[in-house]
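Q: Next up is a structure, given as structure tokens.
The values are calculated or read from the model by the stated rules, or taken from the named source; none is laboratory data. Just so you know, these numbers come straight off a predicted model, no measurement behind them. We place every Cβ from the backbone using ideal geometry, glycine too, and count neighbours over all the protein chains shown. Just the protein is used for accessible areas: all its heavy atoms, side chains included, with ligands, DNA and RNA removed. Shrake-Rupley method; radii C 1.70, N 1.55, O 1.52, S 1.80 Å.
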Amino acid sequence: MLACRIHAKEDLRIEPVETPTPGPGEVLLRLGAAGICGSDLHYYFEGRNGSFVVREPLIPGHEASGVVAAVGPGVTRVKQGDNVAISPSHACGRCDYCRNGREHLCTKMKFLGSASLFPHVQGMFQEYFVMGERQCYPVAGDITLGELAFAEPLAVGLHAVNRGGDLLGKSVLITGAGTIGCVTVLAARLAGAAKITVSDVLDRPLAQAKLVGADVTIRADRDGDALATPQFDVSYEVSGNFNALKSCVAATRRGGVVVQVGTLPHEPLPFVVNEIMAKELDLRGAFRWGIEFDWAVEYLSTRRVDVRPLLSGQYPLQDAVAAFHAAADKNKSTKVQVVA
């Protein structure tokens, strides 16, 4: 079979590897669709994602769907031929964080397609791969494998909204209109936000945000003054841009909440905290997701959330380099996927 491996900065190779065999409690999956995430782009174009540096060939990919090709002994959750959403999160289940219901903060987390550990935890940009059965969420009905692959990014948006607290009747700002910004729009609408404003520096992402439910869009590079006045109850910084975080702090009302969702550059950043102090803002982080993955699968499978407007294109695994370059062009793409 074939696998996509990142060896170093801008060194991605499609290489033959041995097809794995599922053991007890394991499932052999054929790749359905796998989305290219911002972290995958960092690994390819920079050879690192924040402080996580590629130190050996890394198979990227942590947002994927698949089809069950075979099951190992003792598997009861899925059967051959099932379409499944795949959780890339392997928490230990035993540390204090896991026992307190915060698996995403697990001290022994193994997250697929990540260079956070060494040896790296290999991802799902490969034709076949083995997963534990508890990572597989079978879904029936007419939902496509491309839609199912949105379960992971939608879970990120749902968790971000959860971290922001009660949104019923609230005014919300989301800085960044990429995939995560757009699914945060969807999640905020589900949570009852009264008004959702999205900012970005490009027109196409803002148009996508409108498609999925944003009430107001702002070109931050041209109309940034619109964000200089405190007016939002909760703000979500999703772009991973320091200036956007400063805009969130400025635009959030006294006593409001700012949630940092995007990954900021790994260099130390200057940050004036006086405004946080004087306005008594809560600055919170949102890292990955927990139970929200289960919710995401349910919302997608019933199409209570429709992510189809966000899918810009699908490329064969063999054309992964072209797919990465397409995904990096935000004037043309929102979510790009590779398929087997």
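Q: Scanning for something farther than 30 Å from Gly224 by Cβ, in contact (Cβ under 8 Å) with a residue 12 or more places away in the chain and in contact with a Pro (Cβ under 7 Å, 6 or more places away or on another chain), does the stretch 147-156 turn up at least one residue? Working first, answer last.
A: Within the stretch 147-156, the subset farther than 30 Å from Gly224 by Cβ is 147-152, 155.
Filter again for in contact (Cβ under 8 Å) with a residue 12 or more places away in the chain, leaving 147-152, 155.
Of the ones still in play, those that are also in contact with a Pro (Cβ under 7 Å, 6 or more places away or on another chain) are 152.
Yes; the residues of the stretch 147-156 include at least one that is farther than 30 Å from Gly224 by Cβ, in contact (Cβ under 8 Å) with a residue 12 or more places away in the chain and in contact with a Pro (Cβ under 7 Å, 6 or more places away or on another chain).
Q: From Tyr299, Tyr315, grab the single residue that is of a type outside the set (Gly, Ala, Ser), open to solvent by 60 Å² or more (accessible area, probe 1.4 Å) and modelled with pLDDT of 95 or more. Give the derivation first.
A: Numbers: Tyr299 fails: open to solvent by 60 Å² or more (accessible area, probe 1.4 Å).
Unique residue meeting the criteria: Tyr315.
Q: Another question, then. Is it true that Ser171 is closer than 23 Å to Gly35 by Cβ and touching an Asp or Glu at 6+ places or on another chain (Cβ under 8 Å)? Quick ask: steps written out before the conclusion?
A: On the way: closer than 23 Å to Gly35 by Cβ: no; touching an Asp or Glu at 6+ places or on another chain (Cβ under 8 Å): yes.
Judged against the criteria, Ser171 is not a match.
Q: Please verify whether Glu147 is at pLDDT 95 or above, part of a helix (DSSP H, G or I) and out of contact with any Gly (no Cβ under 9 Å at 6 or more places or on another chain), treating the condition exactly as stated. Spell out how you get there, then give the answer.
A: Numbers: at pLDDT 95 or above: yes; part of a helix (DSSP H, G or I): yes; out of contact with any Gly (no Cβ under 9 Å at 6 or more places or on another chain): yes.
Here the answer is yes, as Glu147 does meet what is asked.
Q: Can you run down the residue pairs with Cβ atoms below 9 Å, 6 or more apart or on separate chains, where the first is in the stretch 67-80 and closer than 14 Å to Thr21 by Cβ and the partner is of a type in the set (Phe, Trp, Tyr) and in a strand (DSSP E or B)?
A: Correct list of pairs: Ala69/Tyr128.
Q: Across the stretch 58-86, which residue is nearest to Ala155 (Cα to Cα) among those that are open to solvent by less than 30 Å² (accessible area, probe 1.4 Å), of a type in the set (Val, Ile, Thr) and in a strand (DSSP E or B)?
A: Looking at the filtered set, the residue picked out is Ile86.
Q: Can you confirm whether Thr175 is farther than 21 Å from Val339 by Cβ, surrounded by fewer than 24 Cβ atoms within 10 Å (Cβ to Cβ) and in contact (Cβ under 8 Å) with a residue 12 or more places away in the chain? So that I can check it myself, show each step before the final result.
A: Working: farther than 21 Å from Val339 by Cβ: yes; surrounded by fewer than 24 Cβ atoms within 10 Å (Cβ to Cβ): no; in contact (Cβ under 8 Å) with a residue 12 or more places away in the chain: yes.
Spelling it out, it is not the case that Thr175 is farther than 21 Å from Val339 by Cβ, surrounded by fewer than 24 Cβ atoms within 10 Å (Cβ to Cβ) and in contact (Cβ under 8 Å) with a residue 12 or more places away in the chain.
Q: Among the helices (runs of 4 or more DSSP H) confined wholly to the stretch 162-261, which include 2 or more residues that are of a type in the set (Ser, Thr, Tyr)? Reasoning before the result, please.
A: Working: elements: 179-190, 203-211, 220-223, 242-251.
In the stretch 162-261, 179-190 are the helices (runs of 4 or more DSSP H) which contain 2 or more residues that are of a type in the set (Ser, Thr, Tyr).
Q: Name the single residue, out of those in the stretch 88-108 being modelled with pLDDT of 90 or more and under 25 Å from Leu12 (Cβ atoms), that is least open to solvent (accessible area, probe 1.4 Å).
A: The qualifying residue least open to solvent (accessible area, probe 1.4 Å) is Pro88.
Q: Six or more apart or on different chains, Cβ atoms under 7 Å: show the pairs whose first residue is in the stretch 298-326 and over 17 Å from Ala188 (Cβ atoms) and whose second is modelled with pLDDT of 95 or more and open to solvent by 60 Å² or more (accessible area, probe 1.4 Å).
A: If the second residue must be modelled with pLDDT of 95 or more and open to solvent by 60 Å² or more (accessible area, probe 1.4 Å), the pairs left are Ala322/Tyr315; Ala323/Tyr315.
Q: Of all residues being part of a strand (DSSP E or B) and buried (at least 21 other Cβ atoms within 10 Å of the Cβ) in the stretch 29-57, which is modelled with the lowest pLDDT? Just the residue, please. Step through it out loud before you land on a result.
A: As a first pass, look at the stretch 29-57 and keep what is part of a strand (DSSP E or B): 29-35, 48-49, 52-53.
Add one more test, that the residue is buried (at least 21 other Cβ atoms within 10 Å of the Cβ), and what stays is 29, 31-35, 49.
Details: Leu29: 98, Leu31: 98, Gly32: 98, Ala33: 98, Ala34: 98, Gly35: 98, Asn49: 86.
In this case the residue turns out to be Asn49.
Q: Under 9 Å between Cβ atoms, which residue pairs at least 6 apart in sequence (or on different chains) link something in the stretch 194-206 that is closer than 11 Å to Phe232 by Cα with a partner that is of a type in the set (Phe, Trp, Tyr) and modelled with pLDDT of 95 or more?
A: So the pair list comes out as Lys195/Phe232; Thr197/Phe232.
Q: Would you point out the residue of the stretch 281-296, among those that are open to solvent by 80 Å² or more (accessible area, probe 1.4 Å) and modelled with pLDDT of 95 or more, that is farthest from Leu12 (Cα to Cα)? Let's see the steps before the verdict.
A: First, pick out the residues of the stretch 281-296 that are open to solvent by 80 Å² or more (accessible area, probe 1.4 Å): 283, 287, 291, 295.
With the extra rule that they be modelled with pLDDT of 95 or more, the set shrinks to 283, 295.
Values: Leu283: 37, Trp295: 34 Å.
Across the stretch 281-296, the extreme among qualifying residues is Leu283.
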